[in-house]
1. Taking the beta-carbon count within 10 Å as an exposure proxy, list THR99, THR11 from fewest neighbours to most.
2. What percentage of all Cα-Cα pairs in the stretch 2-70 are separated by more than 16 Å?
3. How do 42-53, 24-35 rank on mean C-beta neighbours within 10 Å, highest first?
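Laboratory data are not the source of any read-out in this text; all were calculated from the coordinates shown. Because the structure is a prediction, the values reported are computed rather than measured. When we count neighbours, we look across all protein chains shown, and the Cβ atoms used for this are built from the backbone with ideal geometry, even at glycine.
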Amino acid sequence: MIVATQKGFATATDLADYLAKKGLPFRDAHEVVGKPVAFAIKQQAGLAELSLEKLQEFSELIEADVFDVLTLEGSINAAIPKGGTAPAQVKTAVTNARTLLSSR
């Protein structure tokens, strides 16, 4: 499953979220992210395979911490809203489900 998630550009939205958290409006971040995605496609590479310097050519907001969100683990951990995929949210959902099931 891990290999399957590394194909394509599943972390592109995470990159847009990263830029939005840095202050870029999401609609602009979405447009910015399309450029490194297009470049990576031409290079037959993933976003995480691009160098920091190359990614910074697309946005000055990108810093070394960008690689924290360009991994499967980073993507999962970034989903912290209720019902998200972050481990803490999953544990909460399991606990709630067990409580609900045991009360029946």
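1. Values: THR99 9, THR11 25.
By the 10 Å Cβ count, ascending: THR99, THR11.
2. Values: 917 of 2346 pairs.
Roughly 39 percent, once rounded to a whole number.
3. Numbers: 42-53: 13.2, 24-35: 15.0.
Packing proxy ranking, top to bottom: 24-35, 42-53.
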